[in-house]
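Novice: One structure, as structure tokens, below. Some questions next.
Any read-out appearing in this document is the output of simple, stated calculations on the displayed coordinates, not a laboratory observation. Just so it is clear, the model here is predicted, and its values are computed rather than measured. Glycine also receives a Cβ, built like all others from the backbone with ideal geometry; neighbour counts cover every protein chain displayed.
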Amino acid sequence: MVKYSLVGYDGSEVSQRAIQFAIDLARCSGGRVRVVSVLQVTEGGADVTALMMADSGTRRVQELLKELTTLVADASQLIDVELAYGSPGDVLLSQVEQHGIDHIVIGHTERGALARWLLGSVSGNVLARAHVPVTVVR
């Protein structure tokens, strides 16, 4: 039985569907959903990154919670929200160990072969490396 699902959320339509799927599953199983929004920092030094994280972290989590409750009215009763910084695949997989996640729900968007080669695929990365069941929502 799924007790604690993890969803990577970026605001896209497919990640919204993943949230709805995970919340429906949590309702059926009496579980919870951990929603993680990952910001990938690509420029700036450690000082810039630390300042950005301190300045926007709490506010962004509140905005995420508000956004999620507009998608699913009772979401705040079923979810934990976290804003994380780093590589999305690595962050999501580290959440499994840190928080006892037993299921991952991830959205997948179709991109061309060139885009996958240049940017990689978070869903492909998670699928290849996860040690818990993964549901891919399209």
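Novice: When Ser123, Ser12 are ordered from fewest to most other Cβ atoms inside 10 Å of their Cβ, what list results? Intermediate results must be reported in sequence, preceding the final value.
Specialist: Details: Ser123 23, Ser12 11.
Starting with the residue having the fewest Cβ neighbours, the order is Ser12, Ser123.
Novice: So, one more: Between Ser121 and Arg60, what is the label-to-label distance in nm when each label sits 7 Å out along the Cα-to-Cβ direction?
Specialist: That separation, rounded to one decimal, is 2.6 nm.
Novice: At 0.36 nm per residue, minus the direct Cα-Cα distance, what do Ser87 and Cys28 gain on full extension? Give it in nm, one decimal, please. If you can, show how the numbers build up before the last one.
Specialist: Details: separation 59, 0.36 × 59 = 21.24 nm, distance 3.14 nm.
Gain in length upon complete extension: 18.1 nm.
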